[in-house]
Amino acid sequence: MRKMDKERVAECISKTRTFYDTRAVGCALLKVKEIAAEPPVLIPLTDYRFPDDMYRYLDARAMRYVNRMERRRELMDDTIPAEGPWYGIAEHTAFLGGRVDYERDTSWHHAVLEAPGELGKLAMDEENPVFKMVNGGIAYMREKYGEYFLPMVRGASGPLEMANTLRGNEFFYDFYEEPDELKALLDYCADALVWNYEKQIQAAGDVYGGVVTGFGEWLPGRGLGHVSEDTTTMISVELFEEFGRPRTEWVYRQFDEVFLHMHALSERCLAVAASMPNIRLMELSSDPNTDRAVEVYKRNREHFSNVIPVLRLTREEILGNMDLLKEQKTVVWYDASSMEDAKDMVRLFAKELPVR
């Protein structure tokens, strides 16, 4: 089992710093996410009994990642080798208590609160098994596999998304029927988010003066990411301004920089999301039944003036939008058809979109 090339890792981090700091446009970082000729190896969550099998599961994740990076050793894209625990979406709120069900490729946290004012049912408890699985898992992988890849935090759901999960769909009635209790719940979620994420940072330790976020993007200093704001897309802008913005802004101001995860389906609220403080990166993922993320981005580009977009693009989209890419800074996630396709894209970015 070959160890990571620390000189190469330092070069990737340095290039990322330069990319963030430069005022030059026409710069891009290229992250090859998948290679079709090398299908991802699924590790079914249902093959494990949690929390008892936590370490066996984490060892399987680590070995899968080491093998993946070994196959890509000659691929000189801008991916920073990092891995961390991942047990599905439930862990973004289940650290506060409640039942979790696992499926093969994700997990679900059952609604805990029958009313928004039942805060006594929630607890920020370091003995919570899901808290241990995530934060203890980050520390375990850092200590055992630190010579093979960098530690990665898990990330977070925003306060609105947390409250939505804790309440279930009754959450949407709370805006009108129990607004004061909902605001108190959102305040609690904001505090819990910061508490839990700071524990993740502590577990990961300093990573070249920053942190590798939940989607693998490195941020300098005390970076928060990824933070998901999916629920923002399901309420009006007016409700977001009253209920969401005060808590979300407070959360973002607790950290140096933020990596925000949004969806193409959220076009109507992209402007308010991008206006939040301290956002360095904003991912716009593609969704079914709507335009591709790059098309949505182009229609809303003026709202991203202080934010670097993260876009998952096809080869056709990269070539068809090269003029756009040369007018800005972009992080591009790419799914290659083969290793040669991936290497060819690396050469194209080095020629057309160099970081300088």
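The values are calculated or read from the model by the stated rules, or taken from the named source; none is laboratory data. Here the structure is a predicted model, which means the values were calculated and not measured. All Cβ positions, even for glycine, are placed from backbone atoms using ideal geometry, and neighbour counts span all protein chains on display. These area figures cover heavy atoms from the full protein model, side chains too; ligands, DNA and RNA do not enter into them. Shrake-Rupley method; radii C 1.70, N 1.55, O 1.52, S 1.80 Å.
Kindly evaluate R154 against the criterion of being part of a loop (DSSP other than H, G, I, E, B), open to solvent by less than 30 Å² (accessible area, probe 1.4 Å) and among the charged types (D, E, K, R).
Criteria met by R154.
Could you tell me whether any residue of the stretch 241-258 is assigned to a strand (DSSP E or B) and either of a type in the set (D, E, K, R) or at pLDDT 95 or above (or both)?
Within the stretch 241-258, one or more residues are assigned to a strand (DSSP E or B) and either of a type in the set (D, E, K, R) or at pLDDT 95 or above (or both).
Results for (1) in contact with an Asp or Glu (Cβ under 6 Å, 6 or more places away or on another chain); (2) assigned to a helix (DSSP H, G or I); (3) at pLDDT 95 or above; (4) under 30 Å from I308 (Cα atoms), shown as yes or no for each residue.
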{"residue": "K33", "(1), (2), (3), (4)": "yes, no, yes, yes"}
{"residue": "P40", "(1), (2), (3), (4)": "no, no, no, yes"}
{"residue": "Y55", "(1), (2), (3), (4)": "no, yes, yes, no"}
{"residue": "V66", "(1), (2), (3), (4)": "no, yes, yes, yes"}
{"residue": "W86", "(1), (2), (3), (4)": "no, no, yes, yes"}
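May I ask you to list pairs of residues, at least six apart or on different chains, whose Cβ atoms are under 6 Å apart, with the first in the stretch 47-72 being touching a residue at least 40 places away in the same chain (Cβ under 8 Å) and the second being surrounded by 13 or more Cβ atoms within 10 Å (Cβ to Cβ) and among the small types (G, A, S)?
Close Cβ pairs (under 6 Å, with a partner that is surrounded by 13 or more Cβ atoms within 10 Å (Cβ to Cβ) and among the small types (G, A, S)) amount to L58/G137.
Could you look through the stretch 48-83, keep only residues that are charged (D, E, K, R), within 23 Å of E217 (Cα to Cα) and over 21 Å from the mean Cα position of the chain (by Cα), and pick out the one that is surrounded by the fewest Cβ atoms within 10 Å (Cβ to Cβ)?
Among them, the one singled out is E74.
Out of the stretch 278-320, which residues are over 17 Å from the mean Cα position of the chain (by Cα) and in a strand (DSSP E or B)?
Once the filter is applied, which keeps residues that are over 17 Å from the mean Cα position of the chain (by Cα) and in a strand (DSSP E or B), the stretch 278-320 yields only L313.
Could you tell me which of the residues E147, E181, E170, E177 is free of Cβ contacts under 8 Å to residues at least 24 places away in the same chain and surrounded by fewer than 22 Cβ atoms within 10 Å (Cβ to Cβ)?
From the options E147, E181, E170, E177, the qualifying one is E177.
For the structure I just gave you, tell me whether E217 is in contact with a strand residue (DSSP E or B) (Cβ under 8 Å, 6 or more places away or on another chain) and modelled with pLDDT of 95 or more.
Answer is yes for this residue.
So which of P39, P44 ends up being farther than 28 Å from G210 by Cα and touching a residue at least 24 places away in the same chain (Cβ under 8 Å)? Let's see the steps before the verdict.
Details: P39 fails: touching a residue at least 24 places away in the same chain (Cβ under 8 Å).
None of the others qualify; the one that does is P44.
Taking S228 and the conditions (1) surrounded by fewer than 16 Cβ atoms within 10 Å (Cβ to Cβ); (2) touching an Asp or Glu at 6+ places or on another chain (Cβ under 7 Å); (3) of a type in the set (G, A, S), which numbered condition does it fall short on, given that it satisfies the others?
Among (1) surrounded by fewer than 16 Cβ atoms within 10 Å (Cβ to Cβ); (2) touching an Asp or Glu at 6+ places or on another chain (Cβ under 7 Å); (3) of a type in the set (G, A, S), the lone unmet condition for S228 is (1).
Among residues belonging to the stretch 259-277 that are within 15 Å of the chain's Cα centre (by Cα) and either over 15 Å from I308 (Cβ atoms) or modelled with pLDDT of 95 or more (or both), point out the one that is most open to solvent (accessible area, probe 1.4 Å).
If we take residues in the stretch 259-277 being within 15 Å of the chain's Cα centre (by Cα) and either over 15 Å from I308 (Cβ atoms) or modelled with pLDDT of 95 or more (or both), then H263 is most open to solvent (accessible area, probe 1.4 Å).
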